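The values are calculated or read from the model by the stated rules, or taken from the named source; none is laboratory data. In this text, all values refer to a predicted model and were calculated from it rather than measured experimentally. Virtual Cβ from ideal backbone geometry, glycine too; neighbours counted across all protein chains shown.
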Amino acid sequence: MLDKIKRELTFVRGNFLVLVLSYSLFSFSSALAWPFESPFIESLGAPPFVIGLVGFTGSLMLFIVRIPGSYIADKHGRRQIIVTMTYGVALSNVFFILAPNWVFYLVGVILSNLCLVYQPALEAIEADSLTPEARGLGYAAFRVLPQLPSIFSPLIAGALVGICSLNFGMRLIYGISLAVGLIAALTRHAFLKETLKEAKPITLRELKFAFKDSLHEIFESWRLMPKSLAFLTASTLVIAFTDPFFHRFGSLYALNVVGLSSVEWGTVNTVNLATLFALGLFLGKAVDVFGRKKALIFAHLIFTPATVIFVLSRGFAIFALVYALFAVASVLFGSATAALQADMIPREKRGRVFGSIGTLYVLVGAAGSIIGGALYENVGASAPFILCIPLDIAALLIVLFGVEESGKRET
C-alpha cells in the first residue's frame, strides 16, 4: 500500500515541490485576508458597486498584463518573470496596510495585479511538471496540498477581527501577508528551475514588441484550437463570470444579510478549506481514473443545488454545509478542467494558449465583478447568487454536448 502511494506521488519533487511550498505560503495569507476583504473595503468608504469596481479594475489590469505574460512564458522562459514579479506581489501589501480610503487600497490592487504578469508562466510550469497519466491527481495536489497551512486561517482572521476590530485586524493581516509573500518570493528565487529548453533572456527592447507579438500569437492559438477545447473554454468562461459574485459579495451577504458573526464566518471558511484538504487528493485521483468529463459534469451537479441552498439558508450550520459542497465542486472542476486543457495543448504552445484562455477568464471575471456589484446594490443582495443558477446549468449543457476527452494526451 505504501509503495503504491509512493508511486502515485513520484511527481512531488523539484519544481512541483517549490510551487507547492510557495503556494502554501500564499494560501495561508490569502485565506486570512479574503473572508473580510470586502467588509474592509466597505469600511474604507466603498459601497457594494464600488467594491465590484475595485475587483473590475484589478481584473482589467490582470487582463492587460497576461497578454505579454503569455508571450514571455514561451519565448523567454518561466523562471525569471515568476521570481521577479513574486517580490512585487508581496510588496503590494504595503498599500493595503496603509490605506486611509478605498482609492489608496485600489492602487495596491492595481499594482498587485500588474505583477501577476507571471501567471501564464506559472500555469505553463505547472503543466511542465506533470506527466499525462498523473494530471488529475497532480492538479488536485496543486490545489489541495497548499491548503493545509491555511485551514485555520479564516478562524484566526475571525478572531483577530473580533478582538482587534475590522480596521486594525485587517491591517495586521496584511502585514502578515507582506512577510509571508517575501518568504515565498525568496523560496522561488532560490529553488525554482527553468523548464523551457531554449529560454532567452528578457531585454527591454524586446518587451516593447511583446504586446503586439503576443496578441498575434494568442489569436493564432485560438484559430488552431481544437473544437472540444473551444467548448471547454466557453463553459469555464461562464463560471469565470460568476466567480466574483461569491468572492466579492459572499462575505457581505453572510455578515450583513444572513447575520453570521465574524467567528462563524471564519469557521464556515475553515470548513471549506478542511473539506478541500480532506477530499481533494481522492477527488483528483478520481479525475484520472473515471475521466475528466465525468468529473466536470459531477462538479456542476453539485454546485447548482448548493447555490440554491446558499440563497435559501439563514443559519450557520447550513452555510457550513454549502461551503463544504462548494469545496468538492471546486476541486473536481479545477482539476478536470486543467487536466483536459493540458491533454489538448502541446508543451511548446502552453504559455500562449493557457495565457489566452486565462486572459479571457480574467476579462469575463472583471465584468462579473462590476455586474455583481450593481445587482447586489440595486436589485437585491441575493440577485447575483440567483443568477448563478441558470448560468451554471448553461455551462453544464456546454460540457455535456460540446466537450470530448482527447484520445491522445500531450506530454
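Descriptive notes on the structure:
- Region 11-22 - residue that is surrounded by fewer than 20 Cβ atoms within 10 Å (Cβ to Cβ) and not β-branched (Val, Ile, Thr) and, of those, nearest to PHE277 (Cα to Cα): LEU21
- Close pairs (6 angstrom Cβ cut-off, 6 or more residues apart or separate chains): charged (D, E, K, R) in region 241-267, surrounded by fewer than 23 Cβ atoms within 10 Å (Cβ to Cβ) anywhere: GLU264/PHE316
- Residue among MET61, MET85 that alone is more than 30 Å from ALA374 (Cα to Cα), in a helix (DSSP H, G or I) and either of a type in the set (Lys, Arg) or modelled with pLDDT under 95 (or both): MET85
- Every pair of residues 6+ apart whose Cβ atoms lie under 8 Å, when the first sits in region 385-411 and is over 30 Å from LEU252 (Cβ atoms) while the second is part of a loop (DSSP other than H, G, I, E, B) and at pLDDT below 95: GLU405/GLY291; SER406/PRO226; GLU410/ILE345; GLU410/PRO346; THR411/THR131
- Qualifying residue in region 331-341 (condition: surrounded by fewer than 22 Cβ atoms within 10 Å (Cβ to Cβ), over 17 Å from ARG248 (Cα atoms) and among the hydroxyl-bearing types (Ser, Thr, Tyr)): no
- Hey, LEU145 over 16 Å from the mean Cα position of the chain (by Cα), under 30 Å from ALA320 (Cα atoms) and outside any loop (DSSP other than H, G, I, E, B) or not: no
- You will find that of PRO35, PRO100, PRO39, the residue that is within 25 Å of ILE156 (Cα to Cα) and touching a Pro at 6+ places or on another chain (Cβ under 7 Å) is PRO35 and no other.
- Criterion violated by ILE163 - all others in (1) β-branched (Val, Ile, Thr); (2) surrounded by fewer than 23 Cβ atoms within 10 Å (Cβ to Cβ); (3) closer than 30 Å to VAL353 by Cβ satisfied: (3)
- Near pairs, Cβ below 9 angstrom, 6+ apart or cross-chain, from region 166-179 (over 16 Å from TYR87 (Cβ atoms)) to any residue that is outside any helix (DSSP H, G or I) and at pLDDT 95 or above: ASN167/LEU44; ARG171/ALA99; TYR174/ALA99
- Filtering LEU106, LEU186 for residues that are part of a helix (DSSP H, G or I) and either farther than 30 Å from ALA46 by Cβ or among the acidic types (Asp, Glu) (or both) leaves a single hit, LEU186.
- Restricting attention to region 283-293, the residues that are surrounded by fewer than 16 Cβ atoms within 10 Å (Cβ to Cβ) and either of a type in the set (Asp, Glu) or under 25 Å from ILE389 (Cβ atoms) (or both) add up to 0.
- Condition check for ALA141: surrounded by 22 or more Cβ atoms within 10 Å (Cβ to Cβ) and closer than 27 Å to PHE56 by Cβ: no
- Region 298-320 - residue that is without any contact (Cβ under 8 Å) to a residue 24 or more places away in the chain and surrounded by fewer than 16 Cβ atoms within 10 Å (Cβ to Cβ) and, of those, farthest from SER262 (Cα to Cα): PRO305
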